[in-house]
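Values quoted throughout were computed directly from the atomic coordinates according to the rules given, and no laboratory measurement underlies them. No experiment lies behind these values; they were computed from the predicted model shown. Cβ: placed from backbone, ideal geometry, glycine included. Neighbour counts: every protein chain shown.
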Amino acid sequence: MNDENRHPVELSNEVIDSGRVDGQPVNRFNQQLTEIDDGIAVVESFSHCWIQKTEEGLVCVDASGPQAGTAVVESIRKWSADPLHTLIYTHGHIDHVGGSGAFLSDSKERKHNSPNVVAHEGVLPRFDRYRKTDGWNSIINRRQFGGIRPIANFGLGKALPKFLPDEVVEPNQTYRDELAMTVGGWDFELRHARGETDDHTWIWDSKNKAVFAGDFVTWVFPNAGNPQKVQRYPIEWAAAMRDMLDAGAEKIYPAHGLPIVGRSRVEQVLGDIAEALEHLADATLELMNEGATLDQIIHEVDLPEHLKEKPWLAPQYDEPEFVVRNVYRQFGGWWDGNAANLKPAPQAQVSQEIVQIAGSVEVLIDRAQEVAESGDIRLACHLIEIAVAAEPFHEGAHRARAEIYWHRRAAERSLMSKGIFASAARESEVVFGDETDQKSMRSRSEK
Ligand SMILES: [Zn+2]
């Protein structure tokens, strides 16, 4: 059977019980609806939409992203014609609220009442922040996926679509710490905890011992480090895992990836996520308390070996090194501990000085390539950045830079690193503007 059509619980049990993925997709975006339990279904999308049938209508958890909303609603409608009674956002990220316009249109077309839209109170200020930083958010999102910032003279100058689409429906009911609700005979509780965001909700169904977990469980290493985004909360995230376990969870319905069914599987996956985050946070704080610098900390703290190859902790999106930085930022300031960086000279001036000492920019470029070939890609990137900062229009420097970053991208696992390194390579390609070379380098490095 096609993996895309396999029952998510069956697939999930197999992966957790074996501890191996074996090439099976654990995060699927097939827009298909599967009934997981009596009256509970999921549409696997970007994010998933979870649906609970009740006597008064459907309760949906998350609306998926702007491009997926219509397909998600279509899948729901093949399963049930009941009115949509309540839509809950687990948090205000676009991939969870972006499809809400399609849910509202469906209610209108069917002449049903508009759904009650419920979320943590932090979702509203988040939407305000998105409007205030619309350009910034569009640029960093583009970079996260390997794109470059729009500059008029290379064809990307056309206005980007709004980061928060106008169609997104604002919650009409919010809460702060906890909210018990009953809809059509279904009792459930909304519980707030910080983790990936400050506005996160997990939903507890005590009768079914089920947690609708939002992004607290995503089947990849927790998005608790994200280099370009606002503060994440690794310690609070781990605490939320422990709270779900203490509540007695036997089923986890996540917003990304497969459902987790069975107490021992829930203990294993949630326990591993908590342990990973607690370890990174504790080790970082211990070094901070000894007065270590950020530089020392990021090169010393690492995930314990036994957690590194767990399929539910794969560093495919975010990664442990970035979580260390987020812990440092949460408890420290922005200064990295290097006195020169407190009030630095312009980067170009420092770089020109180094080039002068080296003798020429070519010496640096050659050394960067040599170091890259010998395998120290971190160091090679520093050297090539000095070269282009000293001579921003040097074609050879940019050719070497593009090559080094395509090479680095290929060696990385997380989307965040891959995206930023690809974006850097593309920036240099724009400077020397050689289409053919770009393509060959890309295909070479993507192999
Ligand atoms: Zn998400």
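A Cβ-based charge dipole, computed about the Cα centre of the chain with Lys and Arg at +1 and Asp and Glu at -1, lands at about 1160 debye. The rule of thumb for compact globular proteins, 2.2 N^0.38 Å, goes into the C-alpha radius of gyration of the chain 1.06 times. From the alpha carbon centroid of segment 303-352 to that of segment 65-116 is 38 Å.
Summing charges over neighbours of T182, with a neighbour being any other residue whose Cβ is under 13 Å away from its Cβ, gives -4 when K and R count +1 and D and E count -1. Given the rule -39500 (n - 2.57) for each run of at least 4 DSSP H residues, summed and divided by the residues of the chain, what is its mean residue ellipticity at 222 nm, to the nearest 500 deg cm²/dmol? That comes out to -14500 deg cm²/dmol. Checking the cross-link pairs K251/K310; K53/K108; K343/K418; K53/K310 against a 26 Å limit on the alpha carbon distance flags K343/K418; K53/K310 as lying beyond it. Based on C-alpha pairs under 8 angstrom that are at least 6 apart in sequence, the chain has a relative contact order of 13 percent. Remark: the Cα gyration tensor places segment 3-263 in the rounded category, a/c being less than 1.5. Net charge around F322, counting only other residues with Cβ within less than 11 Å of its Cβ (Lys, Arg = +1; Asp, Glu = -1)? Net charge in that neighbourhood comes out at +1. Net charge of the neighbourhood of N223, taken over other residues with C-beta under 12 Å away and scored Lys/Arg +1, Asp/Glu -1, is -3.
Each eigenvalue of the Cα gyration tensor of segment 274-331, multiplied by 5 and square-rooted, gives one semi-axis; in descending order these are 21, 11, 10 Å. When the GluC sites (Glu not before Pro) in segment 47-144 are filtered for DSSP coil states and for at most 10 other beta-carbon atoms within 10 Å of their beta-carbon, the remaining sites are E55. Axis angle, to the nearest 10 degrees, between helix 347-358 and the longest C-alpha principal axis of the chain: 40 degrees.
Restriction of the trypsin sites (Lys or Arg not before Pro) in segment 13-98 to DSSP coil positions whose beta-carbon has at most 15 other beta-carbons within 10 angstrom yields R20.
Around the Cα centre of segment 274-331, unit charges on the Cβ atoms of Lys, Arg, Asp and Glu (plus for the first two, minus for the last two) sum to a dipole of about 200 debye. Here the gap between R329 and R263, fully extended at 0.36 nm per residue and compared with their Cα-Cα distance, gives a gain of 20.3 nm. Helix 435-446 against the longest principal axis of the chain: what's the angle in degrees, Cα atoms only, rounded to the nearest 10? Compared with the principal axis, the helix lies near 60 degrees. Across segment 289-361, the mean sequence separation of Cα contacts (distance under 8 Å, 6 or more residues apart), normalised by length, yields a relative contact order of 34 percent.
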